[in-house]
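Visitor: Have a look at this one before I ask anything.
The values are calculated or read from the model by the stated rules, or taken from the named source; none is laboratory data. These figures come from a predicted structure and were not determined experimentally. FYI the Cβ positions are ideal-geometry reconstructions off the backbone, even for glycines, and counts take in every protein chain you see. The accessibility values were calculated without ligands, DNA or RNA, using every heavy atom of the protein model including side chains. Shrake-Rupley method; radii C 1.70, N 1.55, O 1.52, S 1.80 Å.
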Amino acid sequence: MSDAQIGRRALLRGAGGLAALAALPSLSACGTGTSRVSSGSNKGGGKTVVVRDSGGSYGAALQRAIYTPFTQETGIQVKVLNLDDAPLLAQIKQGRPQCDLINNSMMSHFKYVKQEALEALDRDRLKSLKSAKIPEAQTTDHAIGHSFYGQCIAYRTDAFGGKKPESWADFWDTKAFKGARAMVHPDGDLPELEFALLADGVPMDKLYPLDVDRAFKVLTRLRPRIKKFWDSGPLPGVLLSRQEVTMSTVWDGRLADLQKQGVPVARQLDGTRRQFSGYAIAKGAANLDAAYQLMDFSLRAESQANLVKFFPSNPSSPVAYGKLTEEQRNASAGAPKYYDKGFDTDVDWWLKNESAVTKRWLEWARG
């Protein structure tokens, strides 16, 4: 996976039928991933911790912001593997996980829990939970949310005669805001039922459980104006840059580079759908103590803020935003002035309904 968001299909859908894992053949050390080891002092006495992340630009940012400083502070070497869910889960089930600490979507962690693949966390070993004020909603028995990505509206600022879309209702209003639209394909992310319901007047705090029938009726109204269903993070920006669409759904950090290049695009964060990533410890982790230390270090407000310097991350820690520059805060969908405008994805609802909704979505898209 080339970065944290391009890997969304693997993170959200990724285990590819986790219940089928028991049928997989025996695996020794998995050779499908890549690894790198951070350098630093050896005051950790030669200790190592192995962490799974998705690699790419996100992995490079983690190396600079988290792993190298951790090694410099503790002397514990950090080895990184880029593994998909299926081989890692198979290793855990066989009692020999190759990774100790797992950086993955919270939705994937919930799936791991169903497979009894994660250690129950001892919160007393995670001092950063209190100091960083991690929201209780992102603190589970097996995983802790460290950041989120937001799905929101992207639009061309030169398309509407100076008008700016302010809501999902405006996204659906192709008379006042002319032009084609783009929305996500299930290969890119969860179907965007929430946005359809918000456009139809459902209050943000009344979204769940989702009214699926109503959502698809609203989607059908917009269907003739949807030119493309995107399945990778860069595609909405490409479509907007080429003026193939005037508005698209987008992952919130995806517009910064385009704006730096002078492309007239902006985002609207009202009604942003948040999905969190988090840390968990593999069941039977060989380096349990070091895994707790790296998790605790990563959850520090200072560490979460440091990551923002290298990657468009939205920290889960509200304390972290006070450690950012004004420019960095304004760029983050997690900043206090934006946060209440969005909502957290109901992971439980999607775990129960994702398969059925995706099947219906594919039938709907085919017409």
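Visitor: Taking the chain as a Gaussian network, where each spring joins two C-alpha atoms under 10 Å apart, which residue of Ala215, Ala290, Ala176 fluctuates the most?
Guide: With Cα springs under 10 Å in the chain, the top fluctuation among Ala215, Ala290, Ala176 is at Ala176.
Visitor: Considering only protein heavy atoms and a probe of 1.4 Å, how much of the accessible area of the chain is carbon and sulfur, as a whole percent?
Guide: 49 percent
Visitor: I'd like the Kirkwood hydrodynamic radius of region 294-357, using the inverse of the mean 1/r over distinct C-alpha pairs, in Å.
Guide: Computed over region 294-357, the radius equals 13.2 Å.
Visitor: Same structure, new question: Would you mind giving the three semi-axes, in whole Å and largest first, of the ellipsoid equivalent to the chain according to its Cα gyration tensor?
Guide: 36, 24, 18
Visitor: Calculate the length of the line joining the C-alpha centroid of region 238-268 to that of region 55-87, in whole Å.
Guide: When both Cα centres are located, 30 Å separates them.
Visitor: Follow-up. Exposed loop GluC sites (Glu not before Pro) only (DSSP loop, at most 15 other Cβ atoms within 10 Å): please give the longest stretch of the chain free of them, not including the sites.
Guide: Value returned for the longest uninterrupted segment is 245-367.
Visitor: Hey, can you find the accessible area per residue of the chain for me, probe 1.4 Å, expressed in square angstrom?
Guide: So the chain comes to 43 Å² accessible per residue, rounded to a whole number.
Visitor: Which of the trypsin sites (Lys or Arg not before Pro) found in region 101-143 are in a DSSP loop and have at most 14 neighbouring Cβ atoms, other than their own, within 10 Å?
Guide: Qualifying residues, ordered by number: Lys127, Lys133.
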